[in-house]
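This report concerns only the one structure given below.
Taken together, the values in this text are just the output of simple stated rules run on the coordinates, not laboratory data. Treat the numbers as computed from the prediction; the structure is a model and nothing was measured. When we count neighbours, we look across all protein chains shown, and the Cβ atoms used for this are built from the backbone with ideal geometry, even at glycine.
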Amino acid sequence: MTDVTDPDDLELSDAETDALHHLQLGIEYVHRAYGSLLEFHHELGHAMDRMSDAEDALREAGHEAYADELRDDHLPSGAVSDQWTYELVAEFSTEFLEAADAFEGTVRDDLADGLDHVTERRQKRRLRERSQGDDRR
């Protein structure tokens, strides 16, 4: 990998540029999905805290059977297939996110000398060149 900062110094075909762009957008969506999973983890954690408060309130109100069911069946259960959300987050991170990031990095290193956002960098340069050539400023 070299220290390329100008995307025009790269010898990329249009197909390679397009592939890199789609791959990088895909990775960004993977990260957004991870953020949504973290949000789900936090939201469900807050929900479980409230349900724990409900257990105490049910017990205080004399509804031991409901409080016991909440304590024994609902609060300790997993969110998906008996997994708690922290386990889902950890598994997604280590088994999917890290692998997808590594793959994207390998492809980017091989095709673009590690330079990210090639399409956006080219667009930025074109827009700046266009604005600098405009006499209406």
Check your understanding: Just wondering, is there one or more residues in segment 80-99 that are under 28 Å from Arg121 (Cα atoms), of a type outside the set (A, V, I, L, M, F, W, C) and without any contact (Cβ under 8 Å) to a residue 60 or more places away in the chain?
Key -> yes
Study note, to complete from the structure: Gln24: passes all of (1) in contact with a Lys or Arg (Cβ under 9 Å, 6 or more places away or on another chain); (2) within 30 Å of Arg122 (Cα to Cα); (3) surrounded by fewer than 16 Cβ atoms within 10 Å (Cβ to Cβ); (4) not charged (D, E, K, R) but (3)
Review point. Are any of the residues in segment 85-104 more than 20 Å from His46 (Cα to Cα), touching a His at 6+ places or on another chain (Cβ under 8 Å) and either surrounded by 10 or more Cβ atoms within 10 Å (Cβ to Cβ) or not basic (Lys, Arg) (or both)?
Key: yes
Check your understanding: Among the listed residues Gly62, Gly45, which satisfies the condition of being of a type outside the set (D, E, K, R), farther than 30 Å from Asp113 by Cα and free of Cβ contacts under 8 Å to residues at least 40 places away in the same chain?
Key -> Gly62
Exercise for review: Would you mind stating whether Asp49 is in a helix (DSSP H, G or I), surrounded by 12 or more Cβ atoms within 10 Å (Cβ to Cβ) and of a type in the set (Asp, Glu)?
Suggested key: no
**Study point:** Among the residues listed as Arg71, Arg130, the single one being surrounded by 11 or more Cβ atoms within 10 Å (Cβ to Cβ) and either more than 21 Å from the chain's Cα centre (by Cα) or closer than 29 Å to Ser36 by Cα (or both)
**Key:** Arg71
